[in-house]
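K.L.:
Structure below; questions to follow.
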Amino acid sequence: MNLKETELCLGLPGGAETVECPSKSGVGNKRGFSETVGLKLNLQSNKQGPVDLNVNGAPKEKTFLKDPSKPPAKAQVVGWPPVRNYRKNVMANQKSGEAEEAMSSGGGTVAFVKVSMDGAPYLRKVDLKMYKSYKDLSDALAKMFSSFTMGSYGAQGMIDFMNESKVMDLLNSSEYVPSYEDKDGDWMLVGDVPWPMFVESCKRMRIMKGSEAIGLAPRAMEKFKNRS
Amino acid sequence: MTQDRSEMSEDDDDQQSSPLDLPSTAIASSSTPNKSRNCISSSVTLKSQTFPDHVLENVLENVLQFLDSRCDRNAASLVCKSWWRVEALTRSEVFIGNCYALSPARLTQRFKRVRSLVLKGKPRFADFNLMPPDWGANFAPWVSTMAKAYPWLEKVDLKRMFVTDDDLALLADSFPGFKELILVCCEGFGTSGIAIVTNKCRKLKVLDLIESEVTDDEVDWISCFPEDVTCLESLAFDCVEAPINFKALEGLVARSPFLKKLRLNRFVSLVELHRLLLGAPQLTSLGTGSFSHDEEPRSEQEPDYAAAFRACKSVVCLSGFRELMPEYLPAIFPVCANLTSLNFSYANISPDMFKPIILNCHKLQVFWALDSICDEGLQAVAATCKELRELRIFPFDPREDSEGPVSELGLQAISEGCRKLESILYFCQRMTNAAVIAMSENCPELTVFRLCIMGRHRPDHVTGKPMDEGFGAIVKNCKKLTRLAVSGLLTDQAFRYMGEYGKLVRTLSVAFAGDSDMALRHVLEGCPRLQKLEIRDSPFGDVALRSGMHRYYNMRFVWMSACSLSKGCCKDIARVMPNLVVEVIGSDDDDDNRDYVETLYMYRSLDGPRNDAPKFVTIL
C-alpha cells in the first residue's frame, strides 16, 4: 500500500505539483484552495515577529505540509504581491485564451447585462439583481435612457430622451418592444417568464422598435400587450 | 529621448511641489519661497512707487509667460499680490496631484486661462483592491465647471479618476479646440464615450487610453473619426478589451499623416499588423497588438513580417505582444538596433527566445519584461544594454510562493552592467543584502528603487538576516533617490536609515515591515522631502502617527491600512488640523463603535471635506 497516498495533507489530490506550475486557475481571480494553503501559515500578525518557514530557502519543499493540523491563517492576502488588477486581468485573459468580462468573475452576486435602446446614442449596463420585478427594471431603464441629450449623433429616428415620462410611455406602449437574449442565444420577449428565471437567463437586452420585432412570435407579442 | 508616457516612472513630478496656493500664513510651509519673498518684494514695492502698476503687470506678464515649471510658478506666485495675480493669468497648464485637495471652483476662480489640466484621483493602493470601488475621484464636477470657465481647453490628462460616458460627451461638446485626451488607470466609461470624443473633437491630436478599464459597448468608435485627414499624432488603445473594425483602422491610419504613436489592442492580429506597418512607415512608437494568429496560417501565403518591420526605420519604442506566438518574435530583429524602449511585460518569453533579441538592443534605455526571462535573460540585458535607464521586471506568476525565476543574481548582473540605471521595479522571490548593496554602489544615478520580495517578511535567503542593510545602503549611497518601495524582512533599523539618509525621498511605500512605532517615527521625523507615504500591514500605531503632525500639511497624502491606529487618535488629529481631511475607510461590516481603523487616508485640502464620500468612508 502506498502510504503517501493515504497521507493527510492540505491541498488537492496530487497537489504537490499544482503550486509549481503556472497558475491554472488564473491569476487575479479567486484563489483556488491549493493556492490559499500555499501561503505561509503563521504570519498572522506582525507583532509576534515573523517566523518564516523558508528561512534557509528550501525552495522545493512544500513547507505548508509540515503542520497539517494547524488551520491556514489569513488564507488570502488582499492586494499582495502588489500587481495591478489591470496586469492580472491581461495575463488571465491570455491564459484562458478567450475574452472574459472582468465583471463576470463575481458569479451569483451580480448580473450585469448590457441594455441597448434603438435610437439611443449609446447603451447602458444594469445589474439585474438590483431589481425585484419587471416594473422596477422598467422604471430604472426609463430613468437611465432619459438622460441622453438630443445631440447630433447622426442616428436616424432619434427620439427625445430628455422626457422621462415619455420614455416610460414608449416602453409601455407597443411602439417599443423590450427583448432579451437568453443563455441559448435566442431573442425572447421580456416579460414571458417569471422574474427570477429572467434574471438567470438574460444575457443582454435590446429595446427595439415595434417594427423590428416582427420576427418574434406574434402570440408572444399578444401576450406582452395584454400584460399590464 | 522621447519616452512613451506610460513608460515613465509614476513619480513623474519629480520637482518639489509646494502646495498649490495655500496661503502661507495659514499653514506652516517649509518651502523655499519665503526667502525670495523677503528680498524681491521690497524692491518691487520701491519700483511701484515710480512706475504705474499696469505697466509693471504688463512686463510681468510677458516675462512670466516663459515660466513653465510649476515649481517655479508656485514660487513666483508667493512673491507679492501683483505677482500672484499675473502668475494666475499666465499659467496655462495646471497640475493637481490630488483631486480632493481643492474644489473645481477654486481652480477656475484663480486661474483664468488654463489650456491644459493634469489631474490625479485615487490613491495608488486602490489599484490593489485595498479600497472598495466607488470611493470617488469623479471627473464630473471638474468637467462641468471647466466647460463654463475654459472653453479654449485643449488637454486633459487624468490618472485614477472615475470618468463616465456622460463626462466624455460633455467634454467633446464643450471644448471645440480640444487636442489631447490622456486617461491613465481610469474607469467608468466605455467605447461609446470614446466614440463621442473621436467624432466631435476635430482637432484631436492625442487619444491615449492607458491601463484603463474600458467597457465594450459594441460601438465602432474607430469609424467615428471624421472622414478627412486627421491631426492624430498618438493613438493608444491597447487596454480596450473590444474588437475593432480593422478596415476602418487601416483607413484612419492612411489619412493620419502625423501619426507617430500607435498602440493596438490584442484584437489586432499579426496579419493585420503587417498591413498597418506597410502603410505607416513613419511610426516611432508601436504597440503590436496580439502578435499572433486566430487560425492556422496558410504557410505558403504567410506575409513577410520582418520586411514590414524593416520598413519601419523610425520605430524606437515597441510594446504589445499581448498573445505572443514566440516563433514570430524574430520578425522584430530589424528594429532592435534602434529601440530605446521595449516592453515585453505581457509576453511569457523564455531565456532562449529572449537572448537573441536583446543582444541587438544596444540603445535600449527603457525595458519592461516578465520574470520568465530568468536571471539568464537579465544577464544578457546587463551585457548589452549599457544605456539602460529604467528596468521593470514583473512576475509571471504573482503569488507569494511561486517559483521565482529571478533572484539576486539578476539584480547583481544588472547593477554591474547598467551603470546608468535610474529607475528599477523588481519582483522576485528571493534576494540578498549583498546584491542590493552592490546596486547601491554601482548605480549612483538611481532615483527610483522599488524592490518587491514577494514572500512577506522574507529575509536575505543566504544569510537569514533582515534586509535592513540592503535598503540602508540604497538610501545612503543613492543620493538622488526620490522614490523608494521596500519589502522583505525589515526591522526598525531599516527605517532609521531611511529617516537619516533619505534626504530627497518624496514617495515611500511600506508593506509588512518594521517592529514598532519607532520605525514610522524615524521616517516622519527624518525624510525632509517626504510627500507621499503609503503603508500597509505594519505595526505602527497612534504614537507614530502623532509624531508626524508637524508635517502633514506639507505632504500630499498619507495612507495607512491594517496598521494599529485608533479612531480616537485620528479624530484628535482631525480636530487639531482643520485643513487636513482625515478619511477612515472601513469594510461593509464595520460598526461605528469599533475603535480600530482599518484604513486611514488623509490629505490636505483647501476646501474642506468632500461631499461625495460613499457610505463606507467616514470623514472625521
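All of the numbers you see were taken from the coordinates with simple rules; none came from a lab. A quick note: this is a predicted structure, and the numbers were derived from the prediction, not measured. Positions of Cβ are generated from backbone atoms using ideal geometry, with glycine treated the same way; all protein chains shown enter the neighbour counts.
K.L.:
Label region B:192-270 by shape, choosing from rounded, prolate and oblate, from the square roots a ≥ b ≥ c of the eigenvalues of the Cα gyration tensor; if a/c is under 1.5 it is rounded, and otherwise prolate applies when a/b is larger than b/c, oblate when it is not.
P.N.:
Numbers: a/c = 1.43, a/b = 1.28, b/c = 1.11.
Judged from the Cα gyration tensor, region B:192-270 comes out rounded (a/c under 1.5).
K.L.:
Per residue of region B:66-76, in order, report the coupling 6.51 cos²θ - 1.76 cosθ + 1.60 (Karplus, θ = phi - 60°) as ³J(HN,Hα) in whole Hz, putting x for Gly and Pro.
P.N.:
Calculated HN-Hα couplings, in order: 7, 6, 9, 5, 6, 5, 5, 5, 4, 5, 4 Hz.
K.L.:
Then there's this: Tell me what chain B gives for mean residue ellipticity at 222 nm when only DSSP H runs of n ≥ 4 count, each as -39,500 (n - 2.57), the sum divided by the residue total, rounded to 500 deg cm²/dmol.
P.N.:
Numbers: 21 runs with 198 residues, N = 620.
The per-residue figure over chain B is -9000 deg cm²/dmol.
K.L.:
Take peptide B:454-461, look around each residue's Cβ out to 10 angstrom, count Cβ atoms belonging to other protein chains, and average those counts. Write out the running numbers ahead of the final one.
P.N.:
Values: counts 4, 9, 9, 8, 6, 6, 2, 7.
Mean partner-chain Cβ count within 10 Å for B:454-461: 6.
K.L.:
Of the listed peptides B:74-84, B:409-419, what is their order by residue-averaged count of other C-beta atoms within 10 Å, with the highest listed first?
P.N.:
On the way: B:74-84: 18.9, B:409-419: 21.8.
The packing order, highest mean first, is B:409-419, B:74-84.
K.L.:
Right, here's the next one. Quick check: residue separation of B:His54 and B:His362 times 0.36 nm, minus the Cα distance between them. What number comes out in nm? Show your work: numbers first, answer last.
P.N.:
Values: separation 308, 0.36 × 308 = 110.88 nm, distance 5.64 nm.
Contour length minus the Cα-Cα distance gives 105.2 nm.
K.L.:
Listed highest first by mean packing, meaning other Cβ atoms within 10 Å per residue, what order do B:246-252, A:182-188, B:93-99 come in? Let's see the in-between values first.
P.N.:
Numbers: B:246-252: 16.7, A:182-188: 11.9, B:93-99: 18.3.
Ranked from most to least packed, the peptides come out as B:93-99, B:246-252, A:182-188.
K.L.:
Hey, any idea what the orientation-averaged projected area of the convex hull of region B:462-620's Cα atoms comes to, in nm²?
P.N.:
Values: hull surface 39.0 nm².
For region B:462-620, the mean projected area of the Cα convex hull comes to 9.7 nm².
K.L.:
Hey, another quick one. Report the Stokes-Einstein translational diffusion coefficient (µm² s⁻¹, integer) for chain B, Rh taken as the Kirkwood radius over Cα pairs, at 4 °C with viscosity 1.567 mPa s. Present the calculation step by step, with values, prior to reporting the outcome.
P.N.:
Values: Rh = 26.2 Å.
My calculation gives 49 µm²/s for D.
K.L.:
Can you give the mean number of other chain Cβ atoms that lie within 10 Å of the Cβ atoms in peptide B:209-216?
P.N.:
Values: counts 0, 1, 5, 1, 5, 0, 7, 3.
Mean partner shielding for this stretch: 3.
K.L.:
By the gyration tensor of its Cα atoms, with a ≥ b ≥ c the square roots of the eigenvalues, what is the shape of region B:108-195: rounded for a/c under 1.5, prolate for a/b over b/c, or oblate? Can you show the working numbers first?
P.N.:
Working: a/c = 2.17, a/b = 1.57, b/c = 1.38.
Cα axes put region B:108-195 in the prolate bin.
K.L.:
Okay, next question. Sum up the charges of everything whose Cβ sits under 11 Å from the Cβ of B:Phe267, counting Lys and Arg as +1 and Asp and Glu as -1, but leave B:Phe267 out.
P.N.:
Details: positive: B:Arg266, B:Arg322; negative: B:Asp216, B:Asp238, B:Glu241, B:Glu272, B:Asp294, B:Glu323.
Spelling it out: positives minus negatives among the neighbours equals -4.
K.L.:
Then there's this: Sum up the charges of everything whose Cβ sits under 11 Å from the Cβ of B:Gly121, counting Lys and Arg as +1 and Asp and Glu as -1, but leave B:Gly121 out. Intermediate results must be reported in sequence, preceding the final value.
P.N.:
Working: positive: B:Lys120, B:Lys122, B:Arg124, B:Lys159, B:Arg160; negative: B:Glu187.
Combined, the nearby Lys, Arg, Asp and Glu give +4.
K.L.:
From other protein chains only, count the Cβ atoms within 10 Å of every residue's Cβ in B:399-409, then give the mean.
P.N.:
If you average over the peptide's residues, the count of other-chain Cβ atoms is 4.
K.L.:
Another question about this same structure. Could you tally the net charge around B:Ala519, taking each other residue with its Cβ under 12 Å from the Cβ of B:Ala519, Lys/Arg +1 and Asp/Glu -1? Present the calculation step by step, with values, prior to reporting the outcome.
P.N.:
Values: positive: B:Arg496, B:Arg521; negative: B:Asp468, B:Asp492, B:Asp515, B:Asp517, B:Glu525.
Once positives and negatives cancel, what remains is -3.
K.L.:
In sequence order, what are the phi-derived ³J(HN,Hα) couplings for region B:484-496 according to the Karplus relation 6.51 cos²θ - 1.76 cosθ + 1.60 with θ = phi - 60°, rounded to whole Hz, with x for glycine and proline?
P.N.:
9, 10, 10, 6, x, 6, 9, 9, 4, 4, 4, 6, 4
K.L.:
I've got another one for you. Step through the residues of region B:128-136 one at a time and calculate ³J(HN,Hα) from phi using the Karplus curve (6.51 cos²θ - 1.76 cosθ + 1.60, θ = phi - 60°), rounding each to whole Hz and writing x for Gly and Pro.
P.N.:
Values per residue, Gly and Pro as x: 10, 6, 8, 8, x, x, 6, 6, x Hz.
K.L.:
At 0.36 nm per residue, and after removing the present C-alpha to C-alpha distance, how many nm does the segment from B:Lys247 to B:Ala105 gain when stretched out fully?
P.N.:
Answer, rounded to one decimal: 46.7 nm.
K.L.:
What FRET efficiency would be calculated for the residue pair B:Leu67, B:Arg529, taking the C-beta separation as r and a Förster radius of 22 Å, to the nearest 0.05?
P.N.:
Details: r = 22 Å, r/R0 = 1.00.
In this case the efficiency is close to 0.50.
K.L.:
Also: Which of rounded, prolate or oblate describes region B:365-461 when judged by the alpha-carbon gyration tensor and an a/c cut-off of 1.5?
P.N.:
On the way: a/c = 1.78, a/b = 1.39, b/c = 1.28.
In terms of gyration-tensor shape, prolate.
K.L.:
Here is a further query. For B:His293 and A:Asp184, FRET efficiency with R0 = 35 Å and r from the beta-carbon atoms, rounded to 0.05? Walk me through the numbers before you get to the answer.
P.N.:
Working: r = 30 Å, r/R0 = 0.86.
Rounded to the nearest 0.05, the efficiency is 0.70.
K.L.:
How far apart, in nm, are the 7 Å Cα→Cβ label points at A:Lys129 and B:Cys231?
P.N.:
Result for the modelled spin labels: 4.6 nm.
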